[in-house]
Amino acid sequence: MGTWRSVGLAATLAAALGCGVAEAQRPLRDVGTDVRHFGEDVLWVWSSPVRGDQKGWIAAALTGVGFAALLPFDERIDHWVAKDSSRGLFRALRPVRKGGSLYGGSFLAPIAGAAYVAGIAFDQPDVRDAIAGCGSAWVANSYARKFTTYRLAGRARPTAERGNDVWLGPGYADAVPEDSAWHYRSFPGGHVANVVACASFFGHRFEWGLVEPALYAFATAVGLGRFPDRAHWASDQVVGAVFGFAVGKAIADRQLERRRKASREATSATQVGALRVPTANLFADQDGTAMKIGWEIRF
């Protein structure tokens, strides 16, 4: 087991033990709420095309224009990279390339699990939102690719050595061997979409100062690292990055709207509660020659 995974598992166990002694408030309800919101956010992203507004369709059109503009340069970029993949830049990207210590991000799973448990145990909604939001952004964009574009249109990767204009139609995965199907999943860029989705979510959901550009820098490194691995064309990476950015922002917007709604409801409940507090008063009133004495309750 790698060092990062060992550290992550240790942190998870420590947080789980802390959950037993920390003053956690309504942990089961919090988990249930997070799971429900997770599923709702993923489904909302998947169904978003039917609710597309003018701004969204313009962004999609511009992305298509950018994709088309890069097509003539795809093979040139690939040839330049393949000619000397040992350049200093590509050596610096080794950790995020295939086989690198940061490739795939699997080491983050136990760390994220530990953070979520700690968020439940110590009643930290922002920590829970951070883990759930990044997770839902990853699931929403990852499985959207797997069940739509990867099944409907298989574009040959650079490793297939067939050029950048080879596309296979629906059902191609059943027509080629399993080990060959991977070579036709170039469009759109997957790794960059996953990382940009989380970076976009964090950037739109929280105010983390210098951490935000660092997240985008890491996402850029992941995208560039796929070139020497010859996994994607440049045009694929642009579409993947834009898609991931949009998904991350959508999840962040939904979380923020839920926070605003909860705040409004809490304020409204406080105001209504304050208006409905009953008060009892004694009174004495003289009306001509008569004296009235009594008490009243105001609601």
Next item on the list: Report the full-extension gain for the segment Ala59 to Leu89: residue separation times 0.36 nm, less the Cα-Cα distance, to one decimal in nm.
Entry: 7.7 nm
Check: Ordered by residue, what ³J(HN,Hα) values in Hz, to whole numbers, does the stretch 109-126 give under the Karplus form 6.51 cos²θ - 1.76 cosθ + 1.60, where θ = phi - 60° and Gly and Pro are x?
Finding: 4, x, 5, 5, x, 5, 5, 5, 4, 5, x, 5, 5, 9, 6, 10, x, 5
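For Leu28 and Ala181 in one chain, what is 0.36 nm times their gap in residues minus the Cα-Cα distance, to one decimal in nm?
So the chain would gain 50.9 nm between Leu28 and Ala181.
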Next item on the list: List, in order, the whole-Hz ³J(HN,Hα) value for each residue of the stretch 98-106 obtained from phi through the Karplus relation with A = 6.51, B = -1.76, C = 1.60 and θ = phi - 60°; use x for Gly and Pro.
Entry: 4, x, x, 5, 9, 5, x, x, 5
Notebook entry, point to check: Once phi is turned into ³J(HN,Hα) by the Karplus curve 6.51 cos²θ - 1.76 cosθ + 1.60 with θ = phi - 60°, what whole-Hz value does each residue of the stretch 136-147 show in order, with x for glycine and proline?
Noted result: 5, 5, 5, 5, 4, 7, 5, 6, 4, 5, 5, 9
Next item on the list: List every residue whose amide H lies under 5 Å from the amide H of Leu168, counting only residues 5 or more places away in sequence or on a different chain, with H placed 1.01 Å from N in the peptide plane.
Entry: Gly154, Arg155, Ala156
Next item on the list: Just subtract the alpha-carbon distance of Arg260 and Arg76 from 0.36 nm times their residue separation and send over the number in nm, one decimal.
Entry: 61.4 nm
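Which FRET efficiency value, to the nearest 0.05, do you get for Ser268 and Tyr143 by plugging their Cβ-Cβ distance into 1/(1 + (r/R0)^6) with R0 = 45 Å? It would help to have the intermediate numbers written out before the result.
Details: r = 38 Å, r/R0 = 0.83.
With R0 = 45 Å, the Cβ-Cβ based efficiency is 0.75.
All of the numbers you see were taken from the coordinates with simple rules; none came from a lab. Quick caveat: nothing in here was measured; it's all calculated off a predicted structure. Every residue, glycine as well, gets a Cβ built from its backbone with ideal geometry; the counts of neighbours run over all protein chains shown.
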